[in-house]
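Sharing a structure here in structure tokens format.
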Amino acid sequence: MGQAGCKGLSQALFDYKTEKYVIAKNKKVGLLYRLLQVSILTYLVVWVFLVKKGYQDTDTSLQSSIVTKVKGVTFTNTTELGERLWDVADYVIPPQGENVFFVITNLIVTPNQRQETCAESESIPDAWCYTDSDCPPGEPVVAGNGVKTGRCLRVGNMQRGTCEIFAWCPVESKSRPVKPLLGKAEDFTVYIKNFIRFPKFNFSKTNVLDTKDKAFLKSCQFGPKNPYCPIFRLGSMVSWTGSDFQKIAQQGGVIGIQIEWDCDLDKAPSECNPHYSFSRLDNTLSGNSISSGYNFRFARYYRDGAGVEFRTLMKAYGIRFDVMVNGKAGKFSIIPTIINIGSGVALMGAGAFFCDLVLIYLIKKSHFYRDKKYEEVRSVMLCPQQGEGTLLGPP
């Protein structure tokens with residue numbers, strides 16, 4: 001028996017086993033099976049291969065570089081600054097633009113500040129006082145402009161006053177101008193040059209037209225007919241976000257410039273084009289919320305004839321532009337193609353499994369189909385009364 005068993009096992013190693021199929025003449029289940037096959041095949045061809053390009057290897061590790069340059073001049077005449085011509089060096093921060101740059105559109109100017117003692121602004125609650133004891137010397141004013149000197153300064157017969165501080169005096173006291181100082185900045189232009197590279201495919205491109213015409217960038221402006229002209233008008237970019245330029249120029253704001261590269265490298269390189277979108281990023285849903293707008297302060301320092309330092313403080317309102325670049329590239333590869341085809345074949349098997357469940361469990365004659373699909377075979381036993389070589393099958 002041992003030798004016979006080993007011999008049978010060794011022969012079984014070279015046997016080929018194939019499945020036995022049962023054809024069920026049931027139109028409803030057959031229609032369901034064909035519908036599942038067509039649905040899976042449609043999903044595989046249309047969605048996986050045509051829409052998602054499942055036959056391509058993709059690269060999303062985009063390498064990008066941004067260069068920005070603003071151009072435009074305007075003239076103002078104010079009490080604090082007098083007659084003044086504003087050019088790029090005055091209203092663009094930082095002067096060497098990258099993926100983030102700021103354009104000043106409104107200002108609160110406090111000229112000729114010097115380090116001395118003066119009254120703190122009445123708009124700051126921590127500076128309110130009734131006696132000198134409310135102004136401990138050396139204590140900084142919370143959200144204020146300097147440190148307290150120990151004196152409470154009152155105007156006339158008023159009971160409440162403000163603490164005297166050591167600071168850059170006079171302190172900033174003016175409110176934001178209703179009309180933006182640089183309202184004509186909507187006609188300024190910005191040059192946005194974008195270099196991109198997909199390292200997996202060693203593919204590089206830029207959003208500027210490849211031309212030797214030196215006058216091209218001086219005369220063109222971005223639009224549907226000039227997608228490779230990287231010159232954008234500030235007013236147009238703000239309007240594309242659904243905002244009004246004069247309103248955003250008055251209190252400031254943040255504009256997002258999205259450059260999307262979606263490249264099919266199975267096509268010509270000229271088919272890989274940038275797509276632009278513009279959005280307002282600061283809080284505008286709640287109207288005049290304290291969190292809306294954008295501003296910051298900076299100063300310009302001088303010395304008089306006696307060597308005493310003084311400065312002009314500027315609270316700048318304006319538009320911050322954030323340039324964001326993302327994208328992906330795809331190219332045919334046999335590996336993702338085989339993987340997606342294999343997934344489709346596996347889904348076909350799942351369709352057959354579902355139809356089997358319907359056939360043997362859910363329809364009225366399920367017991368009949370179950371008996372045809374599954375054949376019951378009892379185990380073979382040895383009969384000791386008739387000798388070792390006699391086999392007894394099922395009764």
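Contact list please: Cβ distance under 6 Å, first residue in the range 82-95 and at negative phi, second residue loosely packed, with under 12 Cβ neighbours inside 10 Å, pairs at least six apart or on different chains.
Close Cβ pairs (under 6 Å, with a partner that is loosely packed, with under 12 Cβ neighbours inside 10 Å) amount to GLU83/ASN77; LEU85/PHE75.
Shifting gears a bit: Give ILE259, ILE255 a once-over and let me know the one that is open to solvent by less than 50 Å² (accessible area, probe 1.4 Å), out of contact with any Lys or Arg (no Cβ under 8 Å at 6 or more places or on another chain), closer than 20 Å to LYS193 by Cβ and outside any helix (DSSP H, G or I).
On the way: ILE255 fails: out of contact with any Lys or Arg (no Cβ under 8 Å at 6 or more places or on another chain).
Answer to the selection: ILE259.
Which condition number does THR105 fail, the rest of (1) in contact (Cβ under 8 Å) with a residue 40 or more places away in the chain; (2) loosely packed, with under 14 Cβ neighbours inside 10 Å; (3) hydroxyl-bearing (Ser, Thr, Tyr) being met?
Here THR105 meets the rest and fails (2).
Continuing with this model, one more query. Tell me, please, whether a residue that is open to solvent by 70 Å² or more (accessible area, probe 1.4 Å), within 21 Å of the chain's Cα centre (by Cα), under 19 Å from PHE188 (Cα atoms) and not polar (S, T, N, Q) can be found in the range 279-292.
no
So is GLN37 at pLDDT 90 or above and polar (S, T, N, Q) or not?
no
Sticking with this structure for a sec: Quick check on my filter: what residues within the range 328-344 are farther than 11 Å from LEU265 by Cβ and open to solvent by 90 Å² or more (accessible area, probe 1.4 Å)?
ILE334, ILE335, ILE338, ILE339
Filter the range 209-243 for residues that are surrounded by 13 or more Cβ atoms within 10 Å (Cβ to Cβ) and out of contact with any strand residue (DSSP E or B) (no Cβ under 6 Å at 6 or more places or on another chain) and give the result.
Scanning the range 209-243 gives LEU209, PHE216, LEU217, ASN226, PRO227, TYR228, CYS229, LEU234, GLY235, SER236, VAL238, SER239.
Now for a separate question. Within the range 203-224, track down each residue that is closer than 30 Å to ALA329 by Cα, of a type in the set (A, V, I, L, M, F, W, C) and in a loop (DSSP other than H, G, I, E, B). I'd like the intermediate steps shown before the answer.
The first filter runs over the range 203-224 and keeps only residues closer than 30 Å to ALA329 by Cα, leaving 203-213, 216-217, 220-224.
Next, only the ones that are of a type in the set (A, V, I, L, M, F, W, C) stay: 203, 208-209, 216-217, 220, 222.
Of everything in the range 203-224, those that are closer than 30 Å to ALA329 by Cα, of a type in the set (A, V, I, L, M, F, W, C) and in a loop (DSSP other than H, G, I, E, B) turn out to be VAL208, LEU209, CYS220, PHE222.
Also, I was wondering about something else. Return the only residue of ALA127, ALA185, ALA167, ALA143 being within 43 Å of the chain's Cα centre (by Cα) and within 30 Å of GLU98 (Cα to Cα).
Working: ALA127 fails: within 30 Å of GLU98 (Cα to Cα); ALA167 fails: within 30 Å of GLU98 (Cα to Cα); ALA143 fails: within 30 Å of GLU98 (Cα to Cα).
One residue alone meets the criteria, ALA185.
Among (1) under 42 Å from the mean Cα position of the chain (by Cα); (2) surrounded by 13 or more Cβ atoms within 10 Å (Cβ to Cβ); (3) over 22 Å from ALA299 (Cα atoms); (4) touching a residue at least 24 places away in the same chain (Cβ under 8 Å), where does GLU98 come up short?
So GLU98 meets the others, but not (2).
Residues checked against (1) buried (at least 17 other Cβ atoms within 10 Å of the Cβ); (2) touching a Gly at 6+ places or on another chain (Cβ under 7 Å); (3) of a type in the set (D, E, K, R); (4) not in a strand (DSSP E or B):
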position: LYS174; (1), (2), (3), (4): no, no, yes, yes
position: LYS184; (1), (2), (3), (4): yes, no, yes, yes
position: LYS193; (1), (2), (3), (4): no, no, yes, no
position: PHE201; (1), (2), (3), (4): no, no, no, yes
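Of THR58, THR117, which residue is more than 18 Å from LYS315 (Cα to Cα), open to solvent by 30 Å² or more (accessible area, probe 1.4 Å) and at pLDDT 95 or above?
Among THR58, THR117, only THR117 is more than 18 Å from LYS315 (Cα to Cα), open to solvent by 30 Å² or more (accessible area, probe 1.4 Å) and at pLDDT 95 or above.
Now a separate question. Step by step: first the residues of the range 65-75, then only those that are open to solvent by less than 60 Å² (accessible area, probe 1.4 Å), at negative phi and not aliphatic (A, V, I, L, M), then the one that is nearest to the chain's Cα centre (by Cα). Which residue is that?
SER65
Same structure again: May I ask you to list pairs of residues, at least six apart or on different chains, whose Cβ atoms are under 8 Å apart, with the first in the range 353-374 being under 16 Å from GLN37 (Cα atoms) and surrounded by 11 or more Cβ atoms within 10 Å (Cβ to Cβ) and the second being modelled with pLDDT of 75 or more and of a type in the set (A, V, I, L, M, F, W, C)?
Matching pairs, first to second residue: PHE354/LEU36; CYS355/VAL29; CYS355/LEU32; CYS355/LEU36; VAL358/VAL29; VAL358/LEU32.
Could you check the range 76-95 and list, in sequence order, the residues that are closer than 22 Å to TYR191 by Cα, open to solvent by 50 Å² or more (accessible area, probe 1.4 Å) and out of contact with any helix residue (DSSP H, G or I) (no Cβ under 8 Å at 6 or more places or on another chain)? Break it down into steps so the answer makes sense when it comes.
Filtering the range 76-95 for residues closer than 22 Å to TYR191 by Cα gives 85-95.
Those still in the list that are open to solvent by 50 Å² or more (accessible area, probe 1.4 Å) too: 85, 87, 89, 93-95.
Within the range 76-95, LEU85, ASP87, ALA89, ILE93, PRO94 meet the criteria.
Now for a separate question. For the range 264-286, check the following and say yes or no: at least one residue is touching a residue at least 40 places away in the same chain (Cβ under 8 Å), under 30 Å from TRP168 (Cβ atoms) and of a type outside the set (D, E, K, R).
No, the range 264-286 contains no residue that is touching a residue at least 40 places away in the same chain (Cβ under 8 Å), under 30 Å from TRP168 (Cβ atoms) and of a type outside the set (D, E, K, R).
Taking the condition of being over 21 Å from GLU309 (Cα atoms), open to solvent by 20 Å² or more (accessible area, probe 1.4 Å) and not in a strand (DSSP E or B), how many residues in the range 125-161 meet it?
The qualifying residues number 21.
Just the residues that are in contact with an Asp or Glu (Cβ under 6 Å, 6 or more places away or on another chain) and in contact (Cβ under 8 Å) with a residue 40 or more places away in the chain, please, taken from the range 120-141. Break it down stepwise before answering.
In the first step, residues of the range 120-141 are kept if they are in contact with an Asp or Glu (Cβ under 6 Å, 6 or more places away or on another chain); the result is 127, 141.
Matches in the range 120-141: none.
The values are calculated or read from the model by the stated rules, or taken from the named source; none is laboratory data. Quick caveat, the model's predicted, so the values are computed rather than measured. Glycine also receives a Cβ, built like all others from the backbone with ideal geometry; neighbour counts cover every protein chain displayed. We work out accessible area using only protein heavy atoms, side chains counted, and drop any ligands, DNA or RNA first. Shrake-Rupley method; radii C 1.70, N 1.55, O 1.52, S 1.80 Å.
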